[in-house]
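Q: There's a structure below that I have some questions on.
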Amino acid sequence: MNETDKNKWNNIYASGEEKISRPCHVLSSNSHLLPVTGNALDLACGRGANAIYLAGKGYETFAWDLSDVATQDLANRARKMGLSIKTEQRDLTILSPPPRSFDIIVISRYLDRMIIPDIIAALRENGLLFYQTFIREKVSDFGPRNPAYRLQANELLTLFQSLRIIYYREEGTVGDAAKGFRDEAMLVAQKRTE
Ligand SMILES: C[S@@+](CC[C@H](N)C(=O)[O-])C[C@H]1O[C@@H](n2cnc3c(N)ncnc32)[C@H](O)[C@@H]1O
């Protein structure tokens, strides 16, 4: 257990510094790609806006995070909303998702390159991955300062090249930086064996 990171994130969530956000853009703007039924995982869920969105759409929804303050808060809010979300405090560096276990995996604003092979393996056949996180080529100070937690140019495409890429957007600093989708990259990819 990474107690230092767990304490750090627990303190952030207990302080209210990390607000309850909306579901990530890559999920809400590509919701037409979602399957009719299935199960879904919000990985490193934080306050769990993605999990709430997916549970609201009727998927059997799981939400995992290192911070038990975040998962407990999500469980309480889901209960009040009448939503069923299976929350779990879980260190993904120790226990990543089992192989072929999810139809939908959503990851927003979390990057651990070591667990990428496990994320790919965790998708079921035809399973979809929605991924959105920070990039190095940014136009604002939003997001982590440590470049290790930011993607290099086109890195999501490289990390998930074994999947079928359905959608990708990364604008960097190109053109009018006051417009468009900046500071993050987003990808939707599908696991296909044929
Ligand atoms: C920037 S927050 C993003 C939260 C949420 N996905 C969102 O978009 O609002 C990063 C999250 O990753 C979680 N996290 C960091 N290391 C983790 C680990 N080893 N295992 C599971 N979760 C982890 C943190 O607790 C935190 O909730």
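The values are calculated or read from the model by the stated rules, or taken from the named source; none is laboratory data. Keep in mind the model is a prediction, meaning the values are calculated, not measured. Note that each Cβ is placed from the backbone with ideal geometry, even for glycine, and that neighbours are counted across all protein chains shown. Note: accessible area is taken over every heavy atom of the protein model, side chains too, but ligands, DNA and RNA are not part of it. Shrake-Rupley method; radii C 1.70, N 1.55, O 1.52, S 1.80 Å.
Q: Quick check on the chain: helices-only [θ] at 222 nm, where DSSP H runs of length 4 and up contribute -39,500 (n - 2.57) each and the sum goes over total residues. Nearest 500, please.
A: -7000 deg cm²/dmol
Q: Here's something else I'd like to know. Using the heavy atoms of the protein chains alone and a 1.4 angstrom probe, what is the accessible area of the range 98-194 per residue in square angstrom?
A: 52
Q: Using the C-alpha atoms of the chain, what convex hull volume per residue, in cubic angstrom, is computed?
A: In the chain, the Cα hull volume divided by residue count equals 120 Å³.
Q: Right, next: Taking the Cα centre as origin and putting +1 on Lys and Arg beta-carbons and -1 on Asp and Glu beta-carbons, what dipole magnitude results for the range 3-190, to the nearest 20 debye?
A: Here the range 3-190 has a charge dipole of around 360 debye.
Q: Considering the dipole of the chain built from charges on the beta carbon (Lys and Arg +1, Asp and Glu -1) around the Cα centre, which of Asn39, Thr4, Ile107 is farthest to its positive end?
A: Toward the positive end, the furthest listed residue is Asn39.
Q: What is the percent carbon and sulfur in the accessible area of the range 3-190, measuring with a 1.4 Å probe over the protein chains and ignoring ligands?
A: C and S atoms contribute 51 percent here.
Q: Counting alpha carbon pairs within less than 8 Å and at least 6 residues apart, what relative contact order, in whole percent, applies to the chain?
A: Across the chain, relative contact order equals 18 percent.
Q: Roughly what % antiparallel, to the nearest 5, for the DSSP beta bridges in the chain?
A: 40
Q: What's the lysine pair count for the chain at a Cα cut-off below 19 Å, pairs eight or more apart or interchain?
A: Lysine pairs meeting both conditions in the chain amount to 6.
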